Each structure stands twice: as structure tokens, then as C-alpha cells.
Amino acid sequence: MKISSDVTSQPMSAAEGQKQAKLVDAAQQFEATMLQELLKPMQHGQSSWGGEEKGDDSASDTISSFGTEAIAKAISKGGGFGIAKQIVSKVTLENQKNSEKKIS
């Protein structure tokens with residue numbers, strides 16, 4: 001999903017474009033981390049593939065953790081709960097307000 005800041009009406013320079021891209025990436029990472037934490041309880045309720053009791057297998061825990069992380073990132077990149085979009089919007093608006101204060 002492409003997150004853009006609809007708040008600004010001015011064209012962006014290359015440096016501003018890079019800052020915006022970093023902000024979008026950081027916001028999506030934040031949302032993915034939050035989603036991963038929300039998905040963790042579901043990971044612990046899983047039974048093993050063969051139907052037998054789940055043991056203390058650190059390898060399967062690691063793989064399951066990677067899977068949860070991948071799902072959370074995919075959900076976030078696809079729009080997630082809209083948290084990343086809100087963060088980008090609010091930070092961009094706040095940045096514009098601060099820039100306007102410096103000019104006046």
C-alpha cells in the first residue's frame with residue numbers, strides 16, 4: 001500500500017521525498033511490530049502438525065515467530081489498521097506547523 005501525505009500541497013524536493021519515505025517505512029514497521037504483539041497469543045495456542053503434544057522445541061518456536069513477523073509485516077504493508085497512515089499524516093502536519101512557525 002502506498003501511503004502518501006495528502007496534507008501537503010507543495011511539491012517535495014528529493015530530500016523531502018527521502019524523509020517522507022523513511023517516515024512511511026518507520027510507521028509501517030511500528031504498525032507491524034504492534035500487530036506482531038497482537039498475533040503472539042494466537043501463536044502459542046497452536047498444536048503441532050502431527051496432533052501430538054507440542055514440546056519445548058526452540059526451532060519450531062523460532063520458525064513460528066518468523067511466520068508471525070512475516071504475517072504482521074504483510075498486514076501492515078497492505079494497510080493494516082491504518083495506524084501507519086495516521087502516524088504519517090500527524091507527523092507531516094506537525095512538521096508543516098513547525099516549519100510555518102520558523103518562517104514567521
Discussion item. Any residue that is modelled with pLDDT of 85 or more and of a type outside the set (Gly, Ala, Ser) - is there at least one of those in the stretch 1-17?
Written reply: yes
Worksheet item: So which residues in the stretch 57-104 are charged (D, E, K, R) and either over 16 Å from the mean Cα position of the chain (by Cα) or closer than 17 Å to residue 38 by Cα (or both)?
Response: 57, 61, 69, 73, 77, 94, 97, 100, 101, 102
Worksheet item: Which one of 39, 23 is closer than 15 Å to residue 95 by Cβ and either of a type in the set (Phe, Trp, Tyr) or modelled with pLDDT of 65 or more (or both)?
Response: 23
Worksheet entry | Identity of the residue in the stretch 63-94, more than 16 Å from residue 29 (Cα to Cα) and at pLDDT 90 or above, that ends up surrounded by the most Cβ atoms within 10 Å (Cβ to Cβ) | 92
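The values are calculated or read from the model by the stated rules, or taken from the named source; none is laboratory data. Everything quoted here is computed from the prediction, not taken from an experiment. Backbone-built Cβ (ideal geometry, glycine too); neighbour counts: all protein chains shown.
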